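Inspection log for the structure reproduced underneath, given as structure tokens.
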Amino acid sequence: MADLSDVEDALLRLAAGVLYPEGPAAPSILGSTLRLYRGWPQGATLDADLAAGIAHVSIFPEARPQAVTTRFADRWEVVDAPPPGLSITVAGHSATVAGSAHAGQVAGLMVGGIAVVHRTAPGDTPEMVAAVLATYLRTRRIVTVEGATLTVAGGGPMVGRVVADRTARRETRRQRQVLRLSAWCPDPATRDRLVGALDGQLSAVDFLDLPDGGRARLLFRGSSVFDRSRSARLFRRDLLYSVEYATTLTQTLPAMIFGDMRLGGRNVIG
């Protein structure tokens with residue numbers, strides 16, 4: 001789920017990309033040290049840095065409470081249904097396992113109405129999956145294995161399938177918070193350059209990507225200037241943004257590999 005801290009981090013990363021376009025190991029757009037962080041500045045540290053010509057950019061939520069904006073149905077929705085990386089190819093009475101046997105997949109064989117399945121785990125290989133399926137089948141059939149191919153003697157029709165787990169998300173609440181992005185600078189020229197770069201780039205951003213896979217709506221709400229006397233060496237300008245984001249729950253849904261249902265008084269398995 002996404003928390004206010006995730007939203008602040010997302011805005012921080014966005015601002016860092018503007019102020020350090022070549023990465024944090026390269027110089028900032030000022031060509032000098034620039035401190036970028038969440039939270040309110042520490043007074044003594046800020047005063048010392050401003051005296052040394054070091055600017056700060058902080059991100060802090062407004063004191064006003066969050067507004068609840070919930071308006072969507074509270075239900076589970078599948079948000080990620082990746083195709084399986086593993087495959088099973090059947091030719092006659094033989095089945096060959098291939099591909100990537102990463103975790104979160106279920107590989108299965110149905111031979112003459114008998115179904116066996118294996119949930120893959122980290123470290124599995126196609127050869128291991130074939131060996132496990134063969135072990136399960138040997139309780140009812142004669143099975144030989146060579147590498148990633150298994151052969152069933154006289155086992156009847158064979159079907160091979162692989163399915164992958166899916167991710168579902170449920171939105172339990174939606175809220176809007178105003179965040180204040182403040183530039184604390186030692187002179188007006190530094191302030192104008194910093195805020196001009198941030199304002200220009202952020203004006204083109206409509207959504208912030210969040211770690212839970214959701215997106216937060218970003219809207220500009222205004223700007224304000226706070227200047228103290230020149231001797232205090234503090235020239236500040238704030239950019240205010242409202243960010244609307246969802247609180248969510250996620251869960252992993254297993255996929256059905258073989259179904260068993262009754263039609264017209266007889267069982268149909270597929």
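Every number here is computed from the coordinates shown, using simple stated rules; none is lab data. Just so it is clear, the structure is predicted and the values come from calculations on it, not from any experiment. With ideal geometry, Cβ positions are generated from the backbone for all residues, glycine too; neighbour counts draw on all protein chains shown.
Overview of values
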{"item": "GluC sites (Glu not before Pro) lying in DSSP loop within the stretch 1-63, provided at most 10 other Cβ fall within 10 Å", "result": "Glu22"}
{"item": "Residue with peak Gaussian network fluctuation, the chain [Cα springs, cutoff 10 Å], from Leu218, Leu181, Leu133", "result": "Leu133"}
{"item": "Cβ-derived FRET efficiency at R0 30 Å, Asp80 paired with Ala16, nearest 0.05", "result": "0.65"}
{"item": "Cα-based helix-to-principal-axis angle, 126-137 vs the chain, degrees rounded to 10", "result": "40 degrees"}
{"item": "Chymotrypsin sites (Phe, Trp or Tyr not before Pro), loop per DSSP, at most 16 other Cβ atoms within 10 Å - longest free stretch of the chain", "result": "73-257"}
{"item": "Dmax and Rg, reported as Rg then Dmax, of the stretch 1-155 (C-alpha, Å)", "result": "28.8, 86"}
{"item": "From phi via Karplus (6.51, -1.76, 1.60), per-residue ³J(HN,Hα) for the stretch 247-258 in Hz, x at Gly/Pro", "result": "8, 10, 10, 10, 8, 9, 10, x, 9, 6, 9, 10"}
{"item": "Net lengthening on full extension, Ala67/Thr125 (0.36 nm per residue, minus Cα-Cα)", "result": "15.8 nm"}
{"item": "Lys, Arg +1 and Asp, Glu -1 on Cβ, resulting dipole of the chain about Cα centre, debye, nearest 20", "result": "660 debye"}
{"item": "Cut-off under 5 Å, modelled amide H: who pairs with Leu234 long-range", "result": "Arg228"}
{"item": "Euclidean distance of C-alpha centroids, the stretch 162-183 and the stretch 22-56, integer Å", "result": "30 Å"}
{"item": "The stretch 64-129: trypsin sites (Lys or Arg not before Pro) in DSSP loop, at most 16 other beta carbons within 10 Å", "result": "Arg71, Arg75"}
{"item": "Gaussian network model of the chain, springs between alpha carbon atoms under 10 Å - residue of Ala44, Ala216, Ala130 with greatest fluctuation", "result": "Ala44"}
{"item": "The chain, relative contact order in percent, only Cα pairs under 8 angstrom and at least six apart counted", "result": "22 percent"}
{"item": "Value at 222 nm in deg cm²/dmol, rounded to 500, when DSSP H runs of n ≥ 4 in the chain each add -39,500 (n - 2.57)", "result": "-6000 deg cm²/dmol"}
